[in-house]
Amino acid sequence: MSTIGHTDLGRDSSVGAENVRPDGENAPQTGEEPTHGDVTVEQLELSAELAGGGGRAATADVAEYALWLGDDALVLSQQLGWWIARAPELEEDVALANIALDLLGHARSFLRYAATYDDRTEDDLAYWRDEPGFRSAWLFEQPNGDFAQTIARQLAASVYLFQLYAALSESSDETLAAIAAKAVKEVEYHRDHAVQWTLRLAGGTEESRRRMIRAIGDVWPYVGELFRDEPLTDRLDGVAVWPSTLRPAFDAVIAAVFREAELEVPTTPMSSAGGRRGSHFPTMGYLLAEMQVLARQHPGATW
């Protein structure tokens, strides 16, 4: 079992290596309520602080930034949902489904806030934008591949999102800060889940280790885009998080995980990915076609 402690992961957490069962799932914590995946029909209406509520519409720049955040979460949620009934074990079907639901909740919150700028809805933004209108980073658009590929993508994504939401919870924009404060608690579980699977695959059979090494090499060229400062963040000083400021903490967590797993951080060149500007990875069109087909075939339909 891992010796990576809570401080190595950048935050004091009750979901650490010692609280993870050998099968990679988190052991229940006495007296704690679950922090993710608690979704029922009665909870479909989001609370105001998590739904872009508060009576103040987003400005054009804040709406664009909320699209960055919402699209990242939405695309990753869609990707993880594919694993339901396909994961290597039944408990992992449930774990990935819960993570996908968490991310969908984050996406709904950010997209609903973005939509207040021009009186659209979260559904308008999810289902009726074409590919160039999305602002997701290429990392989130990487294909699922085999299970190791998904875990490598999830490791990079969850470590990044944890650092991002922790910083964004201090935003001067009250709505963004409230969404981030809720999301960071859930992403902490996502991060620990990905860490444990990285250690498990890297320390398993020769085949699982080979696949994990290959997956990290495939995913890592797309990590750099996450930390690329854009003119938008210049204009949102105090509201948005400067991506470049998150890189040192991200690198420290990844270094700790890779050291434990006896893996090397890839030195492959960084991709020139341009998801924030509407230029996307080739798989994005297929993902959107699958996600949007029902809404577009039956416009205006309700359940």
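The values are calculated or read from the model by the stated rules, or taken from the named source; none is laboratory data. Keep in mind it's a predicted model, so treat the numbers as computed, not measured. Note that we place each Cβ from the backbone using ideal geometry, even for glycine, and neighbour counts take in every protein chain shown.
Key figures for this structure:
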read-out: Pair list, Cβ < 6 Å and 6+ apart or interchain, from the stretch 220-235 residues that are at positive phi to residues that are at pLDDT below 95 and of a type in the set (G, A, S); value: none
read-out: Matching residues in the stretch 207-241 - criterion: being part of a loop (DSSP other than H, G, I, E, B) and touching an Asp or Glu at 6+ places or on another chain (Cβ under 6 Å); value: L236, V239
read-out: Residue check, A107 under 30 Å from I216 (Cα atoms), under 14 Å from the mean Cα position of the chain (by Cα) and either at pLDDT below 95 or in a helix (DSSP H, G or I) (or both); value: yes
read-out: Selection count, the stretch 203-223, where residues are surrounded by 19 or more Cβ atoms within 10 Å (Cβ to Cβ) and under 20 Å from the mean Cα position of the chain (by Cα); value: 7
read-out: Answer from R129, R120, R200 - the residue that is among the basic types (K, R) and either buried (at least 24 other Cβ atoms within 10 Å of the Cβ) or part of a helix (DSSP H, G or I) (or both); value: R200
read-out: Odd one out for V195, checked against (1) part of a helix (DSSP H, G or I); (2) more than 19 Å from L96 (Cα to Cα); value: (2)
read-out: Condition met for L103 (under 15 Å from V187 (Cα atoms), in contact (Cβ under 8 Å) with a residue 24 or more places away in the chain and either touching a Ser or Thr at 6+ places or on another chain (Cβ under 6 Å) or of a type in the set (F, W, Y) (or both)); value: yes
read-out: Unique match (being under 29 Å from S171 (Cβ atoms) and among the polar types (S, T, N, Q)) among T267, T302, T233; value: T233
read-out: Whichever residue in the stretch 126-176 is in contact with a His (Cβ under 9 Å, 6 or more places away or on another chain), within 21 Å of G274 (Cα to Cα) and not aliphatic (A, V, I, L, M) and, among such residues, is modelled with the lowest pLDDT; value: E131
read-out: In the stretch 132-173, the residues that are of a type in the set (S, T, N, Q) and either part of a loop (DSSP other than H, G, I, E, B) or under 14 Å from the mean Cα position of the chain (by Cα) (or both); value: S136, Q142, N144, T150, Q154, S158, Q163, S169, S171, S172
read-out: The listed residue being hydroxyl-bearing (S, T, Y), surrounded by 11 or more Cβ atoms within 10 Å (Cβ to Cβ) and under 22 Å from A60 (Cα atoms), out of S271, S279; value: S279
read-out: Residues being of a type outside the set (A, V, I, L, M), over 25 Å from Y286 (Cβ atoms) and not in a loop (DSSP other than H, G, I, E, B) - total across the stretch 65-97; value: 2
read-out: Single match in E49, E45, E33 (criterion: of a type outside the set (A, V, I, L, M), at pLDDT below 90 and under 24 Å from G300 (Cβ atoms)); value: E45
read-out: Residue among A301, A273, A256 that is touching a residue at least 60 places away in the same chain (Cβ under 8 Å) and not in a helix (DSSP H, G or I); value: A273
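Every residue, every condition in (1) within 29 Å of E131 (Cα to Cα); (2) of a type in the set (G, A, S), yes or no:
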residue: E206; (1), (2): no, no
residue: I213; (1), (2): no, no
residue: G217; (1), (2): yes, yes
residue: V223; (1), (2): yes, no
residue: R228; (1), (2): yes, no
residue: L246; (1), (2): yes, no
residue: A256; (1), (2): no, yes
residue: T267; (1), (2): no, no
